[in-house]
Amino acid sequence: MCGIVGYTGRGPALPVLLSGLHRMEYRGYDSAGVALLPAGGGAPQVRRAVGKVAALETAISESPVDASAPLGIGHTRWATHGAPSERNAHPHLSRDGSIALVHNGIIDNFLALRERLVSQGFVFRSETDSEALAHLVEACRADTLLESVRRALSFVSGTYGIAVAASWAPGQIVVARKGSPIAIAAADGVACVASDAAALAGRADSVAYLDDGDIALLVPGGFEVRSIEALSPVVRPAAPLDFAPDAIEKGGYEHFMRKEIAEQPEALENCLRGRLVDEDGTAKLSGLRMEPRDIAALQSVVVTACGTSYYAGLHGTYAFEQFSGIPSRIEQAAEFRYRNPIVAPETALVSLSQSGETADTLAAVREAKRKGALVLSVCNVVGSTIAREAGRGVYLHAGPEIGVASTKAFLCQVAVLSMMALLFGRTRRLSCQEGRTIVGALKALPDLVRAALAQEDAIVRIAEKFAGARDAFFIGRGWQYPAALEGALKLKEISYLHAEGYHAAELKHGPIALLDEHVPVVALSPLGPGHDKMLGNIQECRARKAPVIAIATEGDSSVDAFTEDVIRVPQCPDFTAAVPVVVVEQLFAYHVARLRGEPIDQPRNLAKSVTVE
Ligand code: AGP
């Protein structure tokens, strides 16, 4: 998704802009640009380039800007309207060249706006919807930059997160938000804005997140937030900016993804810390703000999410039903928001999102609220839109997840949903002893992950054997079925090797026609319910000459008769067995992608947070 960064202070602004843009590179983009406003006035100096931020830095070195300029805005663009190109890159300038603007989001009525502006003599230089905003601010020019922007936005329908600066408003940046995140911070004579708090790491101790309908004026050392409708002042609480600058570096690993796979034991420990109550065999999740009577009144749980979060959510529905006995289902967020779902005040709608900004999941939250459901969020990014609009929920505390392929967030989502299911269960039918068993199993998760990480050498050997494959299947049953879906997604999204996750019993209903000696099958077959059936499925695959990679329990030799490619995971209860299995899948996908020479952290066509439909 697009990234926004801005700085006003004593300067120079340029280094702050470039480091902020670098810190947002992981989000995925195809062009970048900056606009600098010199201290002595004069038009914004714009430099833009297709490709990475490094290309922008080259463009700046070849055509220098005022390096002492104390104010600037910057942008990384993920194309929505208009192909990746220099002229479609942001910042965009108004017709008179005095106003520079960067924009995240989609202007739904941009064609009508463009026609109207063209009829007024405005000339468009790009194919983008965002350029219309820059011209509109000029067309709506008032006494102040804030009022000019406010008037311009009154004509706009769609989503935006914007930062605007003008030669005639020295020291000022105006920002506004509707549907695309904006974080602002001020300290020691400077003020900053970013669409991702990670870009502000080290610039301030805390950030404030705008809500939809907010507009704010940033000046050196401070900011003021107002409602865009009434212009009345609003207060947005400060959230700790707990990204240590080095936390978003790679920590000696080749890729963020490999670093984040390694961080998983610690991430789980942080996620579980203070939330499991041994004595009572339950979980303490105060952020849900639910009394026992609220939980007892629940008639159903609906989990909604996208991608990897959807697969964690599917695992969660198994936990809700097994631990609490509450009917539970998973819904693709994009389906939920449009199919007029049946929810009621007795429904807990659990929205699962690492970024807390996924457009479809956010829309599902809004739809569920319209229907009166009890909306809960499970997010990783503190203060993210979904977390704030749900108003209650549980944070993952997984730390910043930079790699586009989600890893530690997935495991922490499984852990949080398991704790929620435990809490719901102990409020209903689960006995204290049963609860203590679950508490013990959840506390063991970090060590299960460490055991899986210790299998890396064996996983590399298998990855070397199959890195050249064109197709693969991941199959599992029960708790291993969501894990099969997740393993397939990991492999395809970073190695570009086509992979499908399937319920093992479903193979014979069609997909088995695809099996031959060139199509490896990853069979998730730890000991537990369905293990014997899995052996049968493995034999079905072998009968078609398909190579089988088995993920099996330490000491279980039952799979050895069918394959030599076996990765061992520790024995554990079935409701946690997916965790070490998924870690093995993560490492398998990572090493296949590495062997295939793919970029891994920023896979082609993908973004870390999909904030558009
Ligand atoms: C997973 O590896 C992908 N990056 C993607 O499927 C992701 O899980 C999905 O876009 C949902 O993102 P969210 O958790 O931030 O809502």
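In whole Hz, what ³J(HN,Hα) sequence does the stretch 467-481 give by Karplus (6.51, -1.76, 1.60; θ = phi - 60°), x for Gly and Pro?
Result, rounded to whole Hz: 4, x, 5, 9, 9, 8, 10, 10, 10, x, 10, x, 4, 8, 5.
Under a Cβ-Cβ cut-off of 12 Å, what is the net charge of the residues other than PRO529 that fall near it, where Lys and Arg count +1 and Asp and Glu count -1? Before the final figure, lay out the partial values.
Details: positive: ARG477, LYS533; negative: ASP532, ASP574.
Summing Lys/Arg as +1 and Asp/Glu as -1 gives 0.
Do you know the relative contact order of the stretch 468-613, to the nearest whole percent, from alpha carbon pairs under 8 angstrom that are 6+ apart? All intermediate terms of the calculation are to be shown ahead of the outcome.
Numbers: 260 pairs, mean separation 38.3, N = 146.
The value is 26 percent.
Enumerate the calculated ³J(HN,Hα) couplings along the stretch 205-212 in order (Karplus 6.51 cos²θ - 1.76 cosθ + 1.60, θ = phi - 60°), each rounded to whole Hz, writing x wherever the residue is Gly or Pro.
8, 8, 10, 10, 9, 6, 9, 4
Please work out the C-alpha center-to-center distance from the stretch 525-561 to the stretch 114-163 and express it in whole Å.
61 Å
With just the Cα atoms defining each centre, how far is the stretch 9-70 from the stretch 186-201? Give it in Å.
16 Å
Using only the Cα atoms of the stretch 505-577, build the gyration tensor, take square roots of its eigenvalues as a ≥ b ≥ c, and label the shape rounded, prolate or oblate: rounded if a/c is under 1.5, else prolate if a/b is larger than b/c, else oblate. Please list the in-between numbers first.
Details: a/c = 2.34, a/b = 1.60, b/c = 1.46.
Because a/c hits 1.5 or more and a/b exceeds b/c, the stretch 505-577 counts as prolate.
Could you name the lysines whose alpha carbon sits less than 22 Å from that of LYS533, not counting residues in the same chain fewer than 8 places away?
Those lysines meeting the cut-off are LYS508, LYS545.
How much area per residue is accessible in the stretch 318-434 when the probe is 1.4 Å and only protein heavy atoms are counted (Å²)?
31 Å²
Extension gain TYR253-ALA238, at 0.36 nm per residue separation less the Cα-Cα distance, in nm? All intermediate terms of the calculation are to be shown ahead of the outcome.
Details: separation 15, 0.36 × 15 = 5.40 nm, distance 3.23 nm.
Value of the extension gain: 2.2 nm.
Looking only at Cβ-Cβ distances, which cysteines of the chain have no other cysteine closer than 4.7 Å?
CYS2, CYS140, CYS192, CYS306, CYS379, CYS432, CYS541, CYS572
I need the peptides 228-237, 484-493, 347-356 ranked by packing, meaning the mean over residues of other C-beta atoms within 10 angstrom, with the highest value on top. All intermediate terms of the calculation are to be shown ahead of the outcome.
Details: 228-237: 11.6, 484-493: 25.6, 347-356: 28.0.
Going from most to least packed, we get 347-356, 484-493, 228-237.
Taking the Cβ-Cβ separation of ARG429 and GLN571 as r and a Förster radius of 30 Å, what is the calculated FRET efficiency to the nearest 0.05? Working shown, then result.
Working: r = 27 Å, r/R0 = 0.89.
Rounded to the nearest 0.05, the efficiency is 0.65.
Could you state the angle between the C-alpha long axis of helix 531-543 and the longest principal axis of the C-alpha atoms of the chain, as a value from 0 to 90 degrees rounded to the nearest 10?
80 degrees
Under 23 Å Cα to Cα from LYS608, which lysines show up? Leave out anything in the same chain fewer than 8 places away.
Those lysines meeting the cut-off are LYS52, LYS178, LYS250, LYS259, LYS408, LYS490, LYS492.
In the chain, what percentage of the DSSP-assigned beta bridges are antiparallel, given to the nearest 5? It would help to have the intermediate numbers written out before the result.
On the way: 61 of 99 bridges.
Within the chain, antiparallel bridges account for around 60 percent of the total.
Tell me what the chain gives for mean residue ellipticity at 222 nm when only DSSP H runs of n ≥ 4 count, each as -39,500 (n - 2.57), the sum divided by the residue total, rounded to 500 deg cm²/dmol. Spell out each step's value before the answer.
Details: 19 runs with 203 residues, N = 613.
Rounded to the nearest 500, the figure is -10000 deg cm²/dmol.
Does the chain classify as rounded, prolate or oblate by the C-alpha gyration tensor (a ≥ b ≥ c root eigenvalues; a/c under 1.5 gives rounded; else a/b over b/c gives prolate, otherwise oblate)? Write down the numbers at each step before the final one.
Details: a/c = 2.14, a/b = 1.66, b/c = 1.29.
Taking the square roots of the gyration eigenvalues as a ≥ b ≥ c, the chain is prolate.
Contact order normalised by length for the stretch 92-149, with contacts defined as Cα pairs under 8 Å and 6 or more residues apart; what percent is it?
Numbers: 58 pairs, mean separation 23.7, N = 58.
RCO, the stretch 92-149: 41 percent.
Per the 1.4 Å probe, what fraction of the accessible area of the stretch 469-613, in percent, lies on carbon and sulfur atoms?
Numbers: 2650 of 5360 Å².
That share works out to 49 percent.
The values are calculated or read from the model by the stated rules, or taken from the named source; none is laboratory data. No experiment lies behind these values; they were computed from the predicted model shown. Ideal geometry is used to build each Cβ from the backbone, glycine not excepted, and the neighbour counts take in all protein chains shown. The protein model used for the area step is the full one, side chains on, heavy atoms only, and it has no ligands, DNA or RNA in it. Shrake-Rupley method; radii C 1.70, N 1.55, O 1.52, S 1.80 Å.
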